[in-house]
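One structure below.
The values are calculated or read from the model by the stated rules, or taken from the named source; none is laboratory data. As the structure is a computational prediction, the values presented were derived from the model and not from experiment. Heads up, the Cβs are rebuilt from the backbone with ideal geometry, glycines too, and the neighbour counts pull from every protein chain shown. Areas reflect the complete protein model, heavy atoms only, side chains present, ligands, DNA and RNA absent. Shrake-Rupley method; radii C 1.70, N 1.55, O 1.52, S 1.80 Å.
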Amino acid sequence: QVISSCRVARDAAMGCNGCLGVFGLAAILAAVIAGLWQRELAAFRDNAPGARWVNWIGEYACGPDVVIERPTSVAELQHVVKKHSNVRAAATGHSFNPFACPAAENGAVVDMIAFNKVEVDKQASGMKTVKAEAGIKMGNLQNFLLAKGLTLRVPPGNSAYTLGGCIATGCHNLGQSHAQDLLAVTFVMHDGKLKSIKRGEPDFSAAAVSLGRLGVILDVTLEVLPYRSLTWSSEQLEVPTTAGVMERLDTMSKRQTSRETVGNKLVFYLKSNVLVLEHWVPTGRVSELPELDEPLGSYNNTQPFRLGQGGVSALIEASRKSFFGLVPDPVMGVLQTVAEQLFRNIHSSEAMAWVRSLLGWQHSPEARGEASARPAPNLYTWAGWLDEVFNLLMGLRHVEVIFPLEPKEQAAKCLDIVFAHSHLAWWRLNVRTMPSEEFYLSSTHSPASEGSPKTIFLRVDFVAPGAQMELPSGEASLTQQLRKDCPGWRKHWGKSLFNTSSDQQWGDPTAFLEVAQRWDPQGKFTPHSMPKWLSSPGKMAK
């Protein structure tokens with residue numbers, strides 16, 4: 001591939017009347033990089049000898065001896081699970097930690113992307129449900145439902161996530177997790193047998209958010225509802241004091257009176273000193289929306305940036321570290337301010353609506369809010385491609401800090417700690433409210449007592465360059481201050497901050513481990529870097 005690319009570049013350059021010069025050298029260099037790029041992609045996609053399992057931009061990789069398995073049938077999947085002593089399930093790799101990797105050096109990662117069947121059913125009660133396999137992308141699941149006049153209760157936060165990954169890690173959007181609508185899960189157990197569990201059964205609180213620790217999720221059944229659109233509006237003002245922010249968050253939380261009311265959010269552009277209040281207002285559900293004759297379309301993301309197999313990845317990583325390690329802080333602050341203003345204008349300016357439409361801007365109010373009588377599909381657009389380019393070049397990591405809203409004085413201290421690390425929050429910083437859940441490993445778990453109101457949590461998320469996170473002023477500084485002055489804080493299982501705070505405990509690990517010990521007595525599904533407080537007392541995979 002490299003030699004072929006070089007020949008093409010050489011012929012093109014020599015055909016320019018001998019004017020090789022700078023253009024010719026640049027063309028040759030681009031061709032070499034393109035060839036090496038394709039070779040890295042092919043190594044992962046074709047499961048070449050020595051290929052490593054990597055996340056979506058090749059930043060997190062499993063060990064060189066970890067086997068990649070790609071079954072295409074349930075029987076093959078069962079065989080693979082039985083064959084290996086330590087197994088982890090993964091797919092599109094949109095996590096920012098090593099939990100997709102097995103604990104054992106010679107374990108296996110099972111790629112679930114081939115498991116994407118989906119069907120809708122109507123229960124005797126009139127409730128409509130969708131049963132979908134774990135490897136289906138959330139964008140394609142939603143497209144399938146929209147074509148039938150149905151929808152998930154809240155639209156997917158990211159179309160590239162897979163359903164299995166979403167359920168395993170407790171992913172959420174607009175103040176609710178998809179686990180809230182979870183009705184049943186089917187696992188492939190440690191012995192290869194299938195086991196299904198339904199809502200209301202004793203171990204459901206462990207299975208609903210399991211981190212893949214109980215078994216490989218094969219399929220999931222969710223409640224689905226008639227389609228509704230979400231209208232979007234916003235207000236812009238200067239960033240208020242922390243006390244003023246807390247007042248707005250308290251008001252937001254009181255508007256979430258049921259699962260049918262979605263949560264609004266506060267969007268901070270801290271370097272620009274701008275706060276955007278985003279209002280998401282759901283319309284009434286359509287009683288009957290005729291099914292379309294044809295599918296809406298497909299979210300087709302081929303993951304062109306899933307590198308991590310050679311020299312191109314090493315060069316990109318070295319360039320990131322050099323840039324963020326050498327550029328002075330004042331210059332970095334200017335670049336961050338420019339990035340914020342660019343993102344804010346594209347995201348919410350009425351004058352830039354044509355740009356959002358042209359690019360298919362997936363973060364836009366039009367895309368997220370829909371606000372249309374007939375839904376539009378989730379597609380992989382130029383904006384999605386551009387988003388991934390920035391993620392690759394900057395090595396962006398998604399960070400989420402979660403803590404209770406009450407007592408407010410304590411929550412204000414937690415928020416101030418995050419605000420003090422504004423140099424990490426590129427593009428924007430989001431704050432949402434979300435009610436607590438009963439699932440043992442949920443990031444918003446809070447002990448439930450009959451008759452008492454749910455605990456309200458704040459979810460603060462942003463993206464940060466990985467090279468900045470690794471500096472002393474990055475992740476280590478943030479988590480150290482949170483441990484000191486923000487008791488009760490926790491993280492999202494699919495995101496960052498586990499490098500320096502894996503000992504930070506939440507949920508009900510005792511109850512979860514009791515279930516894990518019964519379901520997986522040999523620790524076959526133990527992930528790499530599992531927090532000690534979630535390490536099973538039974539025999540672990542070696």
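For region 172-186, state whether one or more residues are assigned to a loop (DSSP other than H, G, I, E, B) and under 18 Å from the mean Cα position of the chain (by Cα). Show your work before the answer.
Of region 172-186, the ones assigned to a loop (DSSP other than H, G, I, E, B) are 174-175.
Next, from what is left, pick out any that are under 18 Å from the mean Cα position of the chain (by Cα): 174-175.
Scanning region 172-186, I find at least one residue that is assigned to a loop (DSSP other than H, G, I, E, B) and under 18 Å from the mean Cα position of the chain (by Cα), so the answer is yes.
Could you check how many residues of region 124-135 are open to solvent by 10 Å² or more (accessible area, probe 1.4 Å) and at negative phi? Break it down into steps so the answer makes sense when it comes.
First, pick out the residues of region 124-135 that are open to solvent by 10 Å² or more (accessible area, probe 1.4 Å): 124-128, 131, 133.
Narrowing further to those that are at negative phi: 124-125, 127-128, 131, 133.
The total comes to 6.
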Query raised in the report: Mind checking which residues of region 425-464 are in contact with a Gly (Cβ under 6 Å, 6 or more places away or on another chain), open to solvent by less than 10 Å² (accessible area, probe 1.4 Å) and farther than 24 Å from residue 261 by Cβ?
Result: 441
Query raised in the report: When you go through (1) touching a helix residue (DSSP H, G or I) at 6+ places or on another chain (Cβ under 6 Å); (2) at positive phi one by one for residue 50, which number turns out not to apply?
Result: (1)
Query raised in the report: Quick one: in region 262-289, which of the residues that are among the basic types (Lys, Arg) and more than 12 Å from residue 229 (Cα to Cα) is farthest from the chain's Cα centre (by Cα)?
Result: 271
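Conditions (1) farther than 30 Å from residue 143 by Cβ; (2) of a type in the set (A, V, I, L, M); (3) open to solvent by less than 10 Å² (accessible area, probe 1.4 Å), marked per residue:
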residue	(1), (2), (3)
388	no, no, no
410	yes, no, no
413	yes, no, no
418	yes, yes, yes
467	yes, yes, no
Requested in this report: Inspect region 470-486 for any residue being in contact (Cβ under 8 Å) with a residue 24 or more places away in the chain, in contact with a His (Cβ under 9 Å, 6 or more places away or on another chain) and open to solvent by 60 Å² or more (accessible area, probe 1.4 Å) and give the result as yes or no.
Outcome: yes
Query raised in the report: So which residues in region 488-524 are among the charged types (D, E, K, R) and closer than 26 Å to residue 56 by Cβ?
Result: 490, 491, 495, 524
Report task. For residues that are modelled with pLDDT under 90 and touching a Lys or Arg at 6+ places or on another chain (Cβ under 8 Å), tally how many sit in region 153-167. Result -> 1
Report task. Take residue 163 and decide whether it is over 23 Å from residue 295 (Cα atoms), under 19 Å from the mean Cα position of the chain (by Cα) and either open to solvent by less than 10 Å² (accessible area, probe 1.4 Å) or acidic (Asp, Glu) (or both). Result -> no
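Considering only residues that are part of a loop (DSSP other than H, G, I, E, B) and either open to solvent by 20 Å² or more (accessible area, probe 1.4 Å) or polar (S, T, N, Q) (or both), which ones fall in region 94-114?
94, 95, 97, 103, 105, 106, 113, 114
Which fully enclosed helices (runs of 4 or more DSSP H) of region 424-542 have 1 or more residues being of a type in the set (Lys, Arg) and modelled with pLDDT of 95 or more? Reasoning before the result, please.
Working: elements: 466-469, 475-485, 498-501, 509-519.
So the answer is 475-485, 509-519.
Out of all the residues in region 198-247, which are among the hydroxyl-bearing types (Ser, Thr, Tyr), farther than 22 Å from residue 111 by Cα and touching a residue at least 24 places away in the same chain (Cβ under 8 Å)? Let's see the steps before the verdict.
Step one: list which residues in region 198-247 are among the hydroxyl-bearing types (Ser, Thr, Tyr), which gives 205, 210, 221, 227, 229, 231, 233-234, 241-242.
This time we only want the ones that are farther than 22 Å from residue 111 by Cα, so: 205, 227, 229, 231, 233-234, 241-242.
205, 227, 229, 231, 233, 234, 242, listed by residue number.
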Query - Only one of 341, 336 that is in a helix (DSSP H, G or I) and modelled with pLDDT of 95 or more - result: 336
Report task. Inspect all residues belonging to region 137-155 and state whether any of them is surrounded by fewer than 18 Cβ atoms within 10 Å (Cβ to Cβ) and either in contact with a Gly (Cβ under 6 Å, 6 or more places away or on another chain) or assigned to a loop (DSSP other than H, G, I, E, B) (or both). Result -> no
Report task. Please go through region 39-73 and pick out each residue that is assigned to a helix (DSSP H, G or I) and within 22 Å of residue 320 (Cα to Cα). Result -> 39, 40, 41
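Look at region 127-140 and say how many of its residues are among the hydrophobic types (A, V, I, L, M, F, W, C) and within 16 Å of the chain's Cα centre (by Cα). Don't jump to the end; show me each part of the working.
From region 127-140, those among the hydrophobic types (A, V, I, L, M, F, W, C) are 127, 130, 132, 134, 136, 138; that's our starting set.
From what's left, within 16 Å of the chain's Cα centre (by Cα): 134, 136, 138.
Qualifying residue count, region 127-140: 3.
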Query - Answer residue from region 177-209, given it is under 15 Å from residue 515 (Cβ atoms) and of a type in the set (Asp, Glu) and is least open to solvent (accessible area, probe 1.4 Å) among those - result: 203
Query raised in the report: Which one of 29, 41 is modelled with pLDDT of 85 or more, over 30 Å from residue 113 (Cβ atoms) and among the hydrophobic types (A, V, I, L, M, F, W, C)?
Result: 29
Query raised in the report: For residue 116, are the conditions met, namely being out of contact with any Phe, Trp or Tyr (no Cβ under 8 Å at 6 or more places or on another chain) and under 23 Å from residue 74 (Cβ atoms)?
Result: yes
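Need at least 2 residues that are open to solvent by 30 Å² or more (accessible area, probe 1.4 Å) and under 30 Å from residue 394 (Cβ atoms) per element, so show me which strands (runs of 3 or more DSSP E) inside region 215-330 make the cut, counting only ones lying wholly within it.
Numbers: elements: 216-226, 230-238, 265-269, 274-282.
Of the strands (runs of 3 or more DSSP E) lying wholly inside region 215-330, those with at least 2 residues that are open to solvent by 30 Å² or more (accessible area, probe 1.4 Å) and under 30 Å from residue 394 (Cβ atoms) span 230-238.
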Query raised in the report: Given the conditions (1) small (Gly, Ala, Ser); (2) free of Cβ contacts under 8 Å to residues at least 60 places away in the same chain; (3) within 22 Å of residue 334 (Cα to Cα), which single one is not true for residue 452?
Result: (3)
